[in-house]
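Student: The structure's right below; bear with me while I get my questions together.
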Amino acid sequence: MASKKQPIGDIIIMKGTIGQNINGHELQLFDGCYDTGFEILEFYIAPKTPTAAQEWMATLSTSSSVNSITQWDWADVQQIGWASWGIPGAASGADFFLLDRDNMIIENLYISTYQSTGDASELNYFLTLQKYKINAWDGALNMVTNLSQGGAQ
């Protein structure tokens, strides 16, 4: 989205664990500047016990709440990343991850999780991000886009 962006700093790794059925857990990125932003390069999930029979899905968004943690809505401009784990091979989707390559996070990022089967557990997440220097007006435009409700119908 930013017309002119230049990478600054090293690649950033964010990893951790999160519980099941969480709507909008905050991952703090905001550095107080509106002329820097983060682009998500990779997003992976796996249960804390990967050998157990569990089905998980997760969503990354620019808002603290998504319309539904049980559904993906690619028309919602606030949802920018999707991943699943343990979906049976006969079901469409299986293990999967997708990122909106036009993402640029100016403030914070939020992760939502849903565990459809298996014992209550925790989910590991792994994100790779790149920090960029952008024009201040591009930062403002990205913030408006990231908070837009236009696509969430």
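Student: For residues that are under 16 Å from the mean Cα position of the chain (by Cα), among the polar types (S, T, N, Q) and under 17 Å from SER121 (Cα atoms), scanning just segment 1-49, find the one that is modelled with the highest pLDDT.
Tutor: Here the residue is THR17.
Student: LEU141 - would you say it is at pLDDT below 85 and either hydrophobic (A, V, I, L, M, F, W, C) or in a strand (DSSP E or B) (or both)?
Tutor: Considered against the rule, which asks whether it is at pLDDT below 85 and either hydrophobic (A, V, I, L, M, F, W, C) or in a strand (DSSP E or B) (or both), LEU141 comes out as yes.
For every residue, the table says whether it meets (1) in contact with a Ser or Thr (Cβ under 7 Å, 6 or more places away or on another chain); (2) over 13 Å from TYR114 (Cβ atoms); (3) touching a residue at least 60 places away in the same chain (Cβ under 8 Å).
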| residue | (1), (2), (3) |
| --- | --- |
| PRO50 | no, yes, no |
| THR59 | yes, no, no |
| THR70 | no, no, no |
| ILE87 | no, no, no |
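Student: So, in segment 119-134, of the ones that are part of a loop (DSSP other than H, G, I, E, B) and surrounded by 14 or more Cβ atoms within 10 Å (Cβ to Cβ), which residue ends up modelled with the highest pLDDT?
Tutor: Only one residue tops the list, namely GLU122.
Student: (1) within 20 Å of ASP119 (Cβ to Cβ); (2) without any contact (Cβ under 8 Å) to a residue 60 or more places away in the chain; (3) surrounded by 16 or more Cβ atoms within 10 Å (Cβ to Cβ): which one isn't true of GLN20, the others all being true?
Tutor: (2)
Student: Restricting to segment 25-70, count the residues that are among the small types (Gly, Ala, Ser) and surrounded by 15 or more Cβ atoms within 10 Å (Cβ to Cβ).
Tutor: Residues in segment 25-70 being among the small types (Gly, Ala, Ser) and surrounded by 15 or more Cβ atoms within 10 Å (Cβ to Cβ): 5 in total.
Student: Look at ASP100 and say whether it is touching a residue at least 40 places away in the same chain (Cβ under 8 Å), surrounded by fewer than 22 Cβ atoms within 10 Å (Cβ to Cβ), farther than 21 Å from GLY9 by Cβ and acidic (Asp, Glu).
Tutor: Numbers: touching a residue at least 40 places away in the same chain (Cβ under 8 Å): no; surrounded by fewer than 22 Cβ atoms within 10 Å (Cβ to Cβ): yes; farther than 21 Å from GLY9 by Cβ: yes; acidic (Asp, Glu): yes.
Criteria not met by ASP100.
Student: Hey, among the residues in segment 50-62 that are at pLDDT 90 or above and small (Gly, Ala, Ser), which one's farthest from LEU129 (Cα to Cα)?
Tutor: ALA58
The values are calculated or read from the model by the stated rules, or taken from the named source; none is laboratory data. Bear in mind that the values here come from a model prediction, so they are computed numbers and not experimental data. Cβ: placed from backbone, ideal geometry, glycine included. Neighbour counts: every protein chain shown.
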